[in-house]
Amino acid sequence: MSHFLTEEQELMRGVAREFAQQEVAPIAKQLDATHEFPWAWVKRCAELGFMGVSIPEEYGGVGAGVITEAIVIEEIARESGSLALIIDAHTSLGCMPLLHVGTEEQKQKYLVPAAKGEKLMSFGLTEPGAGSDAGGTKTTAVLDGDEWVLNGSKCWITNIGVAETYIITAKTDPDKGNRGISAFIVENGTPGFNIGKPEEKMGLNNSLTGELFFNNCRMPKENLLGQLNKGFPVFLQGLDEGRIAISAMAVGMAQGALDRAVAYSKERVQFGRPICKNQAIAFYLAEMATKVELARTMLYRVARMRDEGLPYTYEAAMLKLYSSEICCEVCDKAVQIHGGIGYSRQLDIERFMRDAKLLTIGEGTSEVQKIVISGRLLA
Amino acid sequence: MAGIWIYSEDTIIAQQLITLGRDLAGQLQEKVCVLTIYEQEVQSLIAAGADKVIVLKGDNVWPESYAQAIAAQTTECQPTLLLVGGTLRGKDLAAKVAARLQTGLITDAQSVKVVGGLLETERMIYGGLAVCTEVLNGMNVITIPARAYEVPVADVGRSGEVVTIEVKTEDVMAVGNVCPIVRQGVDITSAEKLVCVGRGIGKQEDMKLAEDLANAMGAEICCTRSVAEDYHWLPNEAYVGISGQKVKPVIYLSMGVSGQVQHVAGIRDSKLIVAIDTNENAPIFAAADYGIVGDLYQIVPLLTEAIKNK
Amino acid sequence: MATIIACYKWVLDEQDIKINPGSLDLDTSRAKSKISDYDRNAIEEAVLQEEKTGAEVASLTFGNSKAKQSLKDALSRGPAKAYWVNDELADKADALVTANVLAAALKKIGQYDVILCGEGASDTYAQQVGPRIATLLGIPAITFVSEMKIESDKVIATRKIGDCTEEVSVSFPVVVTLLPEINKPRIPSLKQVLGAAKKPTTEWSIADLGLTTEEVTAKNKVKSIKGFVMSRKNVIYKEGTPTDKVASLVASLTKEGVL
């Protein structure tokens, strides 16, 4: 992969890998068991610049581009899916809309501290009645004098409670369907804005996901993000970007699972020889490695398209579909290769399998990706 | 024909090097000449086998300040070879002498042999992964680790030439506050028997297994680098490896040690290596004379009992 | 303001080196390169001293063309500039040649108050280059240092040499070789990595340094480099109950006379 990566990108990969190996890996299993939010890791990520990799320097970020962001997320996901998701939700979903359509004041007030990692961001799109059918948003925002009044609820939102700033979509024109949705910036602590308890999930236990409730929540009218009723394209763009990040997470997790399976297969002896000497196991590993490499290739290609300003919605959907699906397959097979101990919490590998399952669901289910792909194919 | 020269600021090590020196001197028809900064050690060096002793008399007690003086002597007398005791002080001095003389310097030679009339050395590189054999050209300095050779039996009646030279020392550096490092534990480098603990020991409380076995065997306890530096279950002086201690016990018995190259580099000179580990493929077994593949939590207590009952 | 120069070596990562089981030759084809481990401590110490005393820090290395990658790596760790003696001769250099080249480069740089080196390289671990450089430059060397501080124009260092520690102080200029316990190198931030491209680098070849052929020719000849293999008895008891295996082992060790 490195023939087109620059020296800097390789060095930045080295930074992320060193951090992941030295500071994340040793405690990932124990943190997963406590379900706590990893503030210490997040603080270190902020220090190293991981919370604003692709945000321009003038807004507090590193200005390194989306390929580098993908590299950083991938290296972190090799040791902790939760931390990778925290960064993904914060940067791709939370920061990007601000970067694209925020006013200068909004960028200075919200984007700069977020890119520096001083404050976390969250993106609230999904609702109980609007999952894949994102256009079915029921949260409303009504202008009352100088304030917007928000009513409704959101669910399955990542970084709840730890984020200071939430980008929320709401219906501002009930008659216009998709074209009546706007985006708003809501600060933690705003009266009428309540945060639910974090959901107990299958995996990604250190990432907090849950509900948000808006009960006559009043925000200054300056908190409208982008143009009125033009929120839908904003979040679609955000989802495209998010697809690159979550695919990086998938590639990283798959690589982490693959590495562990390879190591274990060389060590575990049955019938007088390491199990990797059995062609069945060797072939599983070959298939797994091929999948990971292909996913990574597509990841860099799509990231490059994005960096070059080319349209990439179609390719991003393919990328997300493929990388999330193979990640689940690779993690599942990795547990299988480990045999009994793969099922035990003594090792990390079972966590990979639990963590992976979200990837085919969050940020657009595999089915939604196929709608995007087939929609374009059959247009 | 100007001699096999030997120097160490530690007289015992100088005597150990005389064993090698005499061997090489025999093969190359040379004499053994030992340099010392301690006048009072002359007789013991001659008794150990030096044909000649050169005493360098200077005002400074700091051994490192004699580098220039030793280089000057070496330039004047052109010995075939200068063997330096491979203490840290010795390595410091050897490098300075070699630089002044623009000669090669072989650090920590594992062996020095005469092959086809030329000197050949072997030493470890890549953290113990490989052995580098070099053919020496011209005068060379070689540092030899302490205890690589035995001190020769003293021949008290032996006589030799003694030359005392007044030398100027390098006095630029102010050296003070010399404090012995208080050893937290035993000197494992001189232990006859060692039990070594690796990461296979899950908890610090389980160190008792090793302690019981060591007591039954009459052995000291040492460990791998991570047990000392990462877990701090034993002091740094107790870890064996390329960057830690090198040991030469009669028996080294490890439990839960995988046997990475860097660790094995420190146990190479053990007479007998015994390993207990669950992983049949652990590299330690390739480096062992005897071993048991099994769960150390079961094996070690049984072994301790068996030894006690002998 | 002191000038501190941290020397480093660009080495193969020994973890990536494989041994051919038959010939015992080393296979370095898949080996990546890195800044030698203890040299990272040297660069870090230089930067830590700069943060404390406002010194100027540069890095210096002698390597072949592949060492170009090392420049941004080194610069991302804090030095303000990098010097590189780029010559294929580096492949065959021993400590004598390396020290001659680095000393000549330091003379060309002109200003050096404190020269920091790791106590030994992770590939050859010859532990010589630092004190050699000092002798060539006619300046003192403090080796095996576990702690150091700079006070105006003096270095005060604690050496850890086997069974004792000693405190040494001497005025500039001085070479200091460092033990790895002196510090824990920090992970550079992404910004530091990107900032490395903006820092100046100076490249010289050996011809630029005015050395004689003899000074850049290794003294000794490497006859062979072979993977180290211990030939031990390899009698490993795998079958049977734990009691059986223990009994077999005890019997063997008794026969060997060690129990």
Select from the stretch B:79-114 the residues that are assigned to a strand (DSSP E or B) and within 7 Å of another protein chain (Cβ to nearest Cβ) and write down the one among them that is surrounded by the most Cβ atoms within 10 Å (Cβ to Cβ). B:LEU105
Kindly indicate whether any position in the stretch A:77-88 is under 18 Å from C:VAL193 (Cα atoms) and either within 13 Å of chain C (Cβ to nearest Cβ) or of a type outside the set (Asp, Glu) (or both). no
If we keep just the residues of the stretch A:327-379 that are out of contact with any Gly (no Cβ under 7 Å at 6 or more places or on another chain) and basic (Lys, Arg), which is farthest from A:ALA282 (Cα to Cα)? A:ARG376
Note: among C:THR158, C:THR165, just one is in contact with a Pro (Cβ under 9 Å, 6 or more places away or on another chain), part of a strand (DSSP E or B), assigned by TED's automatic domain parsing to the domain that holds C:ARG132 and open to solvent by 20 Å² or more (accessible area, probe 1.4 Å), namely C:THR165
Please verify whether the stretch C:202-209 includes one or more residues that are farther than 13 Å from C:VAL97 by Cα and either facing another protein chain (nearest Cβ under 10 Å) or touching a Phe, Trp or Tyr at 6+ places or on another chain (Cβ under 6 Å) (or both). yes
Out of the residues in the stretch B:1-16 meeting the condition of being more than 16 Å from the chain's Cα centre (by Cα) and not β-branched (Val, Ile, Thr), tell me which one is farthest from B:SER44 (Cα to Cα). B:MET1
For the stretch B:261-281, which positions are buried (at least 20 other Cβ atoms within 10 Å of the Cβ), assigned to a loop (DSSP other than H, G, I, E, B) and at the interface with chain C (Cβ under 10 Å from one of its Cβ atoms)? B:ALA265, B:ILE267, B:SER270
For the stretch A:210-234, how many residues meet the condition of being open to solvent by less than 10 Å² (accessible area, probe 1.4 Å) and either hydroxyl-bearing (Ser, Thr, Tyr) or under 18 Å from A:LEU85 (Cβ atoms) (or both)? 2
Run A:LEU204 past the list (1) under 22 Å from the mean Cα position of the chain (by Cα); (2) at positive phi; (3) open to solvent by 30 Å² or more (accessible area, probe 1.4 Å) and report the number of the one that doesn't hold. (3)
Given the conditions (1) closer than 30 Å to C:PRO173 by Cβ; (2) in the same structural domain as B:GLN15 (by TED's automatic domain parsing); (3) among the small types (Gly, Ala, Ser), every one holds for B:SER159 apart from (1)
Assuming B:VAL250 fulfils every condition listed in (1) of a type outside the set (Asp, Glu); (2) open to solvent by 10 Å² or more (accessible area, probe 1.4 Å); (3) at pLDDT 95 or above apart from one, which condition is it? (3)
Could you please tell me which pairs satisfy a Cβ distance under 6 Å, a separation of 6+ or placement on different chains, a first residue in the stretch B:35-58 that is on the phi > 0 side of the Ramachandran plot, and a second residue that is among the β-branched types (Val, Ile, Thr) and open to solvent by less than 10 Å² (accessible area, probe 1.4 Å)? B:GLY49/B:ILE18
Among the residues of the stretch B:288-309, is there at least one that is among the hydrophobic types (A, V, I, L, M, F, W, C) and farther than 22 Å from C:TYR237 by Cα? no
So which residues in the stretch C:211-231 are open to solvent by less than 40 Å² (accessible area, probe 1.4 Å) and facing chain B (nearest Cβ under 7 Å)? C:ASN220, C:SER224, C:GLY227, C:MET230
Exactly one of (1) outside any strand (DSSP E or B); (2) away from chain A (no Cβ under 14 Å); (3) more than 14 Å from C:LYS9 (Cα to Cα); (4) open to solvent by less than 40 Å² (accessible area, probe 1.4 Å) is unmet by C:LEU102. Its number? (3)
Have a look at A:ALA33, A:ALA40, A:ALA70 and point out the one that is closer than 25 Å to A:ARG296 by Cα and either at pLDDT below 95 or of a type in the set (Gly, Ala, Ser) (or both). A:ALA70
Consider A:ALA261 carefully, then state whether it is more than 30 Å from A:ILE195 (Cα to Cα), assigned by TED's automatic domain parsing to the domain that holds A:TYR300 and crowded, with 18+ Cβ neighbours inside 10 Å. yes
What about C:LEU259, is it facing chain B (nearest Cβ under 7 Å), in a loop (DSSP other than H, G, I, E, B) and either under 29 Å from C:ASP73 (Cα atoms) or modelled with pLDDT under 95 (or both)? yes
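The values are calculated or read from the model by the stated rules, or taken from the named source; none is laboratory data. Values in this document were obtained by computation on a predicted structure and should not be read as measured data. Heads up, the Cβs are rebuilt from the backbone with ideal geometry, glycines too, and the neighbour counts pull from every protein chain shown. Note: accessible area is taken over every heavy atom of the protein model, side chains too, but ligands, DNA and RNA are not part of it. Shrake-Rupley method; radii C 1.70, N 1.55, O 1.52, S 1.80 Å.
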